[in-house]
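Written below as structure tokens is the structure these notes are about.
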Ligand SMILES: Cc1ncc(C[n+]2csc(CCOP(=O)(O)OP(=O)(O)O)c2C)c(N)n1
Ligand SMILES: [Mg+2]
């Protein structure tokens, strides 16, 4: 079995071989410095991910959802956001978190079970991770309608997967966004799999085409092409901010790793598929482009590599040093205001814990 080939309507600005291609509707003018910066993001984000997988394997995290292969979709779309835009992630958007300035340590803390997210969504305009598939699409549409009523110059972007498109919430969010002309970009990372369910089990038509049935534009972009993801998302966000309503962006990509560290993809997909997608690696093509056009030398690549090593090392040390929370911290941040029943439950729980031998 070979990897699905993307149809011609896919927006691509950089081929897997690192060649720049033109597109009549989408183009982007990036300086050498900007391309090097995107490359650096891609490499650092992959390193964070790699370190997290290793930490999970060593028993330091309960779970990790790897973004391997989806770096360009996340960095491209993440870098398209302005500070005022609000992003709503799933559980895999470590690359977007990076672009929003969220310390990766907070992500590790969540998967280590020592915090419930740890970052302030308002400070970074990056909502907390959402595990309930598709629910964040409704949150983002509601938020976008708020932006609309405030008359603000901003938009929301919401991330979800191919599998999520089968959820009622996502379809309801499409309808609300459409009829209220909400400033939202639906960013679907079609990584071809929803755990062990292939794309064919979610849709008989390409996902981006679903949008037309709801009354707004849909576009498919090469999700392994950071230039195209940046250009397409930037245009969709601008459109939303200008009052032209939602867009569905389908980033055609591939989940190169397991669904999560609890999953074994060799049980349900063939190795050839992964091999074919490796040739479309999102980082390699930017590297080839930089080399080909002499926009970066070996010294630059070595420097980024060294920075990634340092980041991984530092992240590991800080992760291992994360303090365990007090068990009663479980009750914090449940409600904004004091809550009598919750106070009672906390009391019961602390009494229960105090009953164990050796308890203080
Ligand atoms: C409402 C709901 N149903 C089921 C699950 C279990 N679940 C977790 S991830 C997942 C698959 C999601 O696939 P997709 O939307 O393609 O995202 P991906 O993990 O591939 O990024 C499922 C079914 C869940 N978390 N929430
Ligand atoms: Mg998927």
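Quick notes
- Among the candidates 101, 117, the residue that is under 16 Å from the mean Cα position of the chain (by Cα), surrounded by fewer than 22 Cβ atoms within 10 Å (Cβ to Cβ) and at pLDDT below 95 is uniquely 117.
- Among the residues making up segment 83-116, those that are within 16 Å of ligand 1 (Cβ to nearest atom) and either not in a strand (DSSP E or B) or not assigned by TED's automatic domain parsing to the domain that holds residue 255 (or both) are 89, 90, 91, 92, 93, 94, 95, 96, 97, 107, 110, 111.
- Qualifying residue in segment 215-229 (condition: away from ligand 2 (no atom under 16 Å from the Cβ), buried (at least 23 other Cβ atoms within 10 Å of the Cβ) and either over 23 Å from residue 10 (Cα atoms) or not assigned by TED's automatic domain parsing to the domain that holds residue 259 (or both)): no
- Tally of residues being assigned to a loop (DSSP other than H, G, I, E, B) and within 15 Å of the chain's Cα centre (by Cα) across segment 133-157: 2
- Restricting 245, 257 to residues that are part of a loop (DSSP other than H, G, I, E, B) and within 16 Å of ligand 2 (Cβ to nearest atom) narrows the list to 257.
- Qualifying residue in segment 196-203 (condition: in contact (Cβ under 8 Å) with a residue 24 or more places away in the chain and either under 23 Å from residue 22 (Cα atoms) or crowded, with 24+ Cβ neighbours inside 10 Å (or both)): no
- Meets criteria (within 22 Å of residue 189 (Cβ to Cβ), more than 16 Å from ligand 1 (Cβ to nearest atom) and surrounded by fewer than 22 Cβ atoms within 10 Å (Cβ to Cβ)) for residue 130: no
- Filtered by the rule that a residue be surrounded by 14 or more Cβ atoms within 10 Å (Cβ to Cβ), modelled with pLDDT of 95 or more and assigned to a helix (DSSP H, G or I), segment 304-341 gives 304, 307, 308, 311, 312, 315, 316, 318, 319.
- Flag for residue 257 being within 15 Å of ligand 1 (Cβ to nearest atom) and either touching a helix residue (DSSP H, G or I) at 6+ places or on another chain (Cβ under 8 Å) or outside the structural domain of residue 63 (by TED's automatic domain parsing) (or both): yes
- Within segment 174-202, the set of residues being away from ligand 1 (no atom under 12 Å from the Cβ) and either out of contact with any helix residue (DSSP H, G or I) (no Cβ under 6 Å at 6 or more places or on another chain) or not in a strand (DSSP E or B) (or both) comprises 174, 175, 176, 177, 178, 179, 180, 181, 182, 183, 186, 200.
- Selection of first residues in segment 245-272 that are within 25 Å of residue 10 (Cα to Cα) and of second residues that are in a strand (DSSP E or B) and within 12 Å of ligand 2 (Cβ to nearest atom), restricted to Cβ pairs under 6 Å at least 6 apart or on distinct chains, gives the following pairs, ordered by first then second residue: 250/188; 250/190; 251/189; 252/190; 253/189; 255/193.
- Residue check, residue 43 within 16 Å of residue 284 (Cβ to Cβ) and in the same structural domain as residue 141 (by TED's automatic domain parsing): yes
- Output for segment 190-214, where each listed residue is farther than 21 Å from residue 229 by Cα and more than 9 Å from ligand 2 (Cβ to nearest atom): 196, 198, 200, 201, 203, 204, 205, 213, 214
- Yes/no for residue 166 being within 16 Å of ligand 2 (Cβ to nearest atom) and in contact (Cβ under 8 Å) with a residue 60 or more places away in the chain: no
- Out of 96, 102, sole residue that is touching a residue at least 60 places away in the same chain (Cβ under 8 Å) and in contact with a strand residue (DSSP E or B) (Cβ under 9 Å, 6 or more places away or on another chain): 96
The values are calculated or read from the model by the stated rules, or taken from the named source; none is laboratory data. Remember, it's a predicted structure, so these values are computed and weren't measured experimentally. Note: ideal-geometry Cβ built from the backbone for every residue, glycine included; neighbour counts use all protein chains shown.
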